[in-house]
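Please read the structure below before turning to the comments.
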Amino acid sequence: MAVTNREEQILGLIRQNPMISQNELAHLCGITRSGVAAHISNLVKKGYLLGKGYIVSPPTYVAVIGGINLDIYGMSVNPVVSHSSNVGKITFSPGGIGRNISYDLGCLGVKNYLLSVYGDDHNGAFFKKDAMANGLDITYCQQLSNTPTSTYLSVSGPDGDPLVGLDDMASSELISPTFLRERAHIIANAKAVVIDSSLTAASIAWVCDHYSGPIYARVVSVNKASRLLTVLNRIDTLVLSRAETQLLTGTDASDKQSSLACARRLHKAGVHRVYLLIDGVGNLYSEGSNYVFCADGQTTKGRHNNGAASAALSALLWSHSKKMDYRDCAETAYAAASMAMDCIQSVNPRFSSATLRARRHSLFA
């Protein structure tokens, strides 16, 4: 939203002196203190100030709307035997699609705000400490009283292939249209918005109705993919895995040709760009009539797929901001997914623009 001449004057004075008082602003501008307060309220609503303290909003940022949870990953040492205890390794780490994308974007130098909820329990404190340590901006998150933080449990075989996943994410449903409406100014002024299908259908619809810029969407699980069906024409970039393709397009993307057919159906539905991950086969990036299929040359042993799609989405958003062509975007996203697969947790702590370029060079040189 554009600012008025008076608002621009006030904003300029605040940039020069973030500790300036409303009385001083009134004197310098030749208006009343109540007039200054009204202009400041408008600047907050328009996203140029971040509320109390006259914190000036960065010129460009991304709004990431999605879940926060504790990830519990179990990986068996040997092939899993059903109905029995299996020797394995269990790790705990902060996670959630929204949190992971916010983390990855930050590693790439993309300023973003995470809009989400978390509980007032031990896991919520764990997330908050991790967010502060890793520079995640959770100014617009909400800590819920008497509510547990969402939890995700994944069990995989010795090759890293997930066998079963369970999510206890009832609190994510509190990222409601009301929650979003209270943060409408931050969403409206973002250069891009990221959502995922773990949001409720009502919240997804609210974002699509109230935000006019590019929307990046991450499809999460077959059970939740249908929440995006009615808004595909509003999605700029859609990232999904093979498991969700049948539900969204009626096509099981199992190889290059079926992946391309799937992407074309999504384009016909209105999606501008599609990134499809088919584990063990390859990844397809399609942008209009242009596409790149990156065959999967990595060994399947020791791969961890939990964070691959989120890393790919983050890399695509970063690539698009750098005005890369479609082939560069495809290779960069593939390299990001590859880096995510190195770690059992959903984010790679070594992820950065420099390491991403190095991984891309090693894969495609």
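Please compute the per residue accessible area over the chain with all protein chains in place, 1.4 Å probe, rounded to a whole number of Å².
Numbers: 16190 Å² over 365 residues.
With all protein chains present, the chain gives 44 Å² per residue.
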Checking ASP121, ASP236, ASP71 against a Gaussian network model of the chain (alpha-carbon springs below 10 Å), the top fluctuating residue turns out to be ASP121
Cα-based Rg and Dmax for the stretch 156-294, in Å, come out at 15.7, 46
Dividing the mean separation of Cα pairs under 8 Å (6+ apart) by the residue count of the stretch 137-270 yields a relative contact order in percent of 15
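With 32 Å as the limit, write out which pairs from LYS128/LYS268; LYS89/LYS256; LYS111/LYS224 have Cα-Cα distances beyond it, or answer none.
Numbers: LYS128/LYS268 41 Å; LYS89/LYS256 35 Å; LYS111/LYS224 28 Å.
Flagged as over cut-off: LYS128/LYS268; LYS89/LYS256.
Rounded to a whole number, what % of the accessible area of the chain do carbon and sulfur atoms account for, probe 1.4 Å?
Values: 8540 of 16190 Å².
The C+S portion of the solvent-accessible surface of the chain is 53 percent.
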Listed residues GLY157, GLY67, GLY124; largest mean-square fluctuation, Gaussian network over the chain with Cα springs below 10 Å, found at GLY157
Sorted by chain and number, the residues with a modelled amide H under 5 Å from that of LEU144, at a separation of 5 or more or across chains, are TYR118, GLY119, ASP120
The chain, Gaussian network, Cα under 10 Å: of MET324, MET341, MET169, the residue fluctuating most is MET324
Residues other than VAL62 with Cβ under 10 Å of its Cβ, Lys/Arg counted +1 and Asp/Glu -1, net out at +2
Scalar couplings 3J(HN,Hα) for the stretch 21-32 by Karplus 6.51 cos²θ - 1.76 cosθ + 1.60 (θ = phi - 60°), nearest whole Hz, x for Gly and Pro, are 8, 5, 5, 5, 4, 4, 5, 5, 8, x, 10, 7
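Under 8 Å for C-alpha pairs, at least 6 residues apart: give me the relative contact order for the chain, rounded to a whole percent. Don't jump to the answer; show the numbers that get you there.
Values: 734 pairs, mean separation 48.5, N = 365.
For the chain, the relative contact order is 13 percent.
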Between VAL194 and residues 5 or more places away or on another chain, the pairs with built amide H atoms under 5 Å apart involve ALA63, VAL64, ILE65, TYR216
With the charge dipole of the chain built from beta-carbon charges (+1 for Lys and Arg, -1 for Asp and Glu) about the Cα centre, the Cα from SER145, TRP318, ALA131 projecting farthest to the positive end belongs to TRP318
The Cα radius of gyration of the chain, divided by 2.2 N^0.38 Å with N its residue count, comes to 1.05
For the stretch 330-335, Karplus-derived ³J(HN,Hα) couplings (6.51, -1.76, 1.60; θ = phi - 60°; whole Hz; x for glycine and proline) come out as 4, 5, 5, 5, 4, 5
To the nearest 10 degrees, the tilt of helix 5-16 (Cα long axis) against the first principal axis of the alpha carbons of the chain is 80
Asserting the computed 222 nm helical MRE of the chain (DSSP H runs at least 4 long, -39500 (n - 2.57) per run, divided by residue count, to nearest 500) equals -11500 deg cm²/dmol
Diffing the stretch 202-210: the Karplus 3J(HN,Hα) column from phi (6.51, -1.76, 1.60, θ = phi - 60°), in whole Hz with x for Gly and Pro, holds 5, 6, 4, 5, 4, 4, 5, 7, 10
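Please report the relative contact order for the stretch 1-112, taking Cα pairs under 8 Å with a sequence separation of at least 6, and give it as a percent rounded to a whole number. Write out the running numbers ahead of the final one.
Values: 119 pairs, mean separation 22.7, N = 112.
For the stretch 1-112, the relative contact order is 20 percent.
The values are calculated or read from the model by the stated rules, or taken from the named source; none is laboratory data. Just so it is clear, the model here is predicted, and its values are computed rather than measured. Cβ sites come from the backbone with ideal geometry, for glycine too, and all protein chains shown count toward neighbours. We work out accessible area using only protein heavy atoms, side chains counted, and drop any ligands, DNA or RNA first. Shrake-Rupley method; radii C 1.70, N 1.55, O 1.52, S 1.80 Å.
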